[in-house]
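The values are calculated or read from the model by the stated rules, or taken from the named source; none is laboratory data. Note that the structure is predicted; figures quoted are calculated from it, not measured. So basically every Cβ, Gly included, is an ideal-geometry build from the backbone, and we count neighbours across all protein chains shown. Side chains included, ligands, DNA and RNA excluded: accessible areas come from the protein's heavy atoms. Shrake-Rupley method; radii C 1.70, N 1.55, O 1.52, S 1.80 Å.
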Amino acid sequence: REFVVEENHGVEMLCNLLLDEIDPEVEVVRGLPRGGATTMAALDSSFDTMFLVGHHAKVRDYPGVCAHTISYSDYADVRLGGRSVGEPEMFITAAAQYGVPCSLITGDDVVCQEVTKLVPGVTTAVVKRAFSQTAAAIIPPRRAQRMIFEAAACAVAATRAGAVEPIEFAPPFDFEVQLREPLGDAARRTLGERFPEFTIVDDHTLGFSADDMELGFRRAAICSYLANTPDAVRSY
């Protein structure tokens, strides 16, 4: 009965969607800041299901197109419980904490395989076959849109039939964010004085825990700011 579309990639304050080309019956969340985890501010327990449309594989997952977690340029790895983790898994876990399943993933073959392993019964729309982080065999937009439309209809049907459920999760969520550049002295001082929830694991790595995945995502996202512009960071 109701769809909410939330922008969570791109530039220009996350205002990239062409609103005149979007179904007029949906509601769109865009712009920054959003008063919470930027990429899931609209998410709550009132939803029946979540779609992840146009997503990418996790960091280190070769040959995924644009494979990274949170920051392509700043993060060498993001680990959850000692293993590399991607943004889709974090979103899917956050949804599960609200009792909401993820029933659709669209993107390249690598990210669709990732989510299929995580979510039994998820519907996929593979719209590109990855050759490397910057190359793929791509289905043109008009046909890709049709594939996603059909997959979304299947995902809705699966949700109504109870064929897809929220994944299991076990907080606390223990994260490590490995930075590409080493932590400077200013960042170390700021972390020690103002952000005791973070620990310095080594010269490149920050660690932290969170009982809530949305908070975990926010802490992971802020690590690059703590490392690069620590004096400018006031809160998260």
Note to self: Roughly how far apart, in whole Å, are the Cα centres of the stretch 173-195 and the stretch 87-114?
What the structure shows: 28
Margin query: If you count only protein heavy atoms with a 1.4 Å probe, what accessible area per residue comes out for the stretch 27-160, rounded to a whole Å²?
Written below: 46
Margin query: With a 1.4 Å probe and all protein chains left in place, how much of the accessible area of the chain comes from carbon and sulfur atoms, in whole percent?
Written below: 51
Check: Cα convex hull of the stretch 87-169: how many Å³ per residue?
Finding: 85
Notebook entry, point to check: If only Cα atoms are counted, what is the Rg of the stretch 20-113, and what is its Dmax, in Å?
Noted result: 14.4, 44
Check: Under a point-charge model restricted to the Cβ atoms of Lys and Arg (+1) and Asp and Glu (-1), what is the dipole moment magnitude of the stretch 1-154 relative to its Cα centre, in debye to the nearest 20?
Finding: 560
Note to self: From the helices alone, meaning DSSP H stretches of at least four residues, give me the mean residue ellipticity at 222 nm for the chain, per-run term -39500 (n - 2.57), in deg cm²/dmol to the nearest 500.
What the structure shows: -9000 deg cm²/dmol
